[in-house]
Structures are given as C-alpha cells and as structure tokens.
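Participant: Here you go, one structure.
No lab work stands behind these numbers, since they all come straight from the coordinates. Remember, it's a predicted structure, so these values are computed and weren't measured experimentally. Neighbour counts are summed over all protein chains in view; Cβ atoms, including those assigned to glycine, are modelled from backbone coordinates with ideal geometry.
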Amino acid sequence: MLLKSYTIRIVPPEHNSLAHTVNAIAELSDDISEALPYLNTVVKGCCYHPEARVLGFVKDDKRITLYPRQIIVTNLKDEREARKVLESVKQLINGAYVRRGAIDPSYLMGDEVTVLTVYRLLPGTNCQECGEPTCLHFAIKLAKRKADVNDCAPLFSEEHNDSREKLLSMLAAEGHV
C-alpha cells in the first residue's frame, strides 16, 4: 500500500461564493509520485504533467487533481461526498501501485479536453442541427459529456475529415463514449 491516510479540508469555490458546491483538499500521509505514471496508463482521459508531477482527470463531474502529497477534488456536494470520492481515489492509487508490475507506466502528457479545444475542431457553422443555438454551446456540452459528438452533422461531412478525426481521437483518449 502506497497511500495510508490523508486529512481533509473542505473549502468553498474560490471564485463563486454563491456556489452550492464545495472543494476538498486532502493532505496525504505519503508521497504518491511513484504511482502517477501508472495512473496515467490506467485512468482514461487524464492529463499528466511528469515534470510537475501532477495528474488530473474528471470523474462523475468532479475534477480530481493529484499532486505528490495532495489531492484536490472540486464540485462536491458536501464533506460526506468528499470522503467517499477521496476514498475511491485512494483505492485507485493503491490499486495501480500494487499492480505496477503488470502496468506499463506512461510518461506522456495528455491533452485535456477543454471547451476551447473542442470548439476549434467544430465546423463553426452555428447550424443548430445539434439542437444547440451555437457551436460554442455544443462545445460546452460536449466537453462536459452532456452531448454526443454524432449530433454535429456538418462535422461528419468530407470537408471536415481532419478536424473530425482529431476531435474523435481526443474525445476517445479522454474516455468519452
């Protein structure tokens, strides 16, 4: 077992005092740096920065960021949910570490799917065929996994082959279905 324990601090979101969510900061008893390359292989859609020793990913609308001695989780309802999410992350870390002999570590930096990266790859026609008023609205929903890329009909025309392939590859790497 790599990570034995942690302490939790619950904090409100920095930029929105009216938000109905909280963030959790877990101070770790152990340095988890050694597990990060294995998690980079195991966790779909993570964004890893080996030099900084930081790995981030989204799970169930929660942004989870792992540092050597800290875990930050955003978009939580309360402390109870924070404890549940952090316990599952602890199990993920320890599981990857225990199985590290069977996992090829990855030191590659992943590209995070952001609204801007998605938007730049969309056709930009604002045709509304996807059901959204603009391509930007569709990009927001797609980045948050609340839309299906197949709903963008113009993206699947021959004219947009390159953009479509890049976007589908990026979404697949992030674990989008």
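Participant: So, R0 is 25 Å and r is the distance between the beta-carbons of Arg9 and Lys44; what FRET efficiency does that work out to, to 0.05?
Facilitator: 0.30
Participant: Looking at the P(r) of segment 89-177, how many percent of alpha-carbon pairs lie beyond 19 Å?
Facilitator: Of all Cα-Cα distances in segment 89-177, 47 percent exceed 19 Å.
Participant: Also: If I fit a long axis through the Cα atoms of helix 161-173 and take the longest principal axis of the Cα atoms of the chain, what angle between them do I get, 0 to 90°, rounded to 10?
Facilitator: The angle comes out at about 20 degrees.
Participant: Here are some values of P(r) over Cα pairs in 10 Å bins from 0, in percent: (i) 9, 32, 30, 21, 8, 0; (ii) 9, 15, 12, 11, 10, 9, 8, 7, 6, 4, 3, 2, 1, 0, 0; (iii) 11, 42, 37, 9, 1. Which one was computed from this structure?
Facilitator: Given (i) 9, 32, 30, 21, 8, 0; (ii) 9, 15, 12, 11, 10, 9, 8, 7, 6, 4, 3, 2, 1, 0, 0; (iii) 11, 42, 37, 9, 1, the structure-derived one carries the label (i).
Participant: Grab the beta carbon distance between Thr21 and Leu116, set R0 = 25 Å, and tell me the FRET efficiency rounded to 0.05.
Facilitator: That pair, Thr21 with Leu116, gives E of 0.65.
Participant: Another question, if that's okay. Tell me which aspartates and glutamates have Cα within less than 16 Å of Lys44's Cα, excluding those fewer than 8 residues away on the same chain?
Facilitator: By straight Cα distance, Lys44 reaches Asp60, Asp61, Asp104, Asp111, Glu112, Glu174.
Participant: Past the 20 Å Cα-Cα mark, which pairs from Lys4/Lys62; Lys4/Lys90; Lys90/Lys146?
Facilitator: Beyond 20 Å: Lys4/Lys62; Lys90/Lys146.
Participant: I've got another one for you. Residue by residue through segment 154-159, which ³J(HN,Hα) values in whole Hz follow from phi under the Karplus form 6.51 cos²θ - 1.76 cosθ + 1.60 (θ = phi - 60°), with glycine and proline marked x?
Facilitator: x, 4, 9, 7, 4, 4
Participant: Are there GluC sites (Glu not before Pro) in segment 30-126 that DSSP marks as loop and that have at most 12 other Cβ atoms within 10 Å, and which are they?
Facilitator: Loop-located and lightly packed - Glu51.
Participant: Between Lys146 and Arg80, what is the label-point separation in nm under the 7 Å Cα-to-beta-carbon projection?
Facilitator: 2.5 nm
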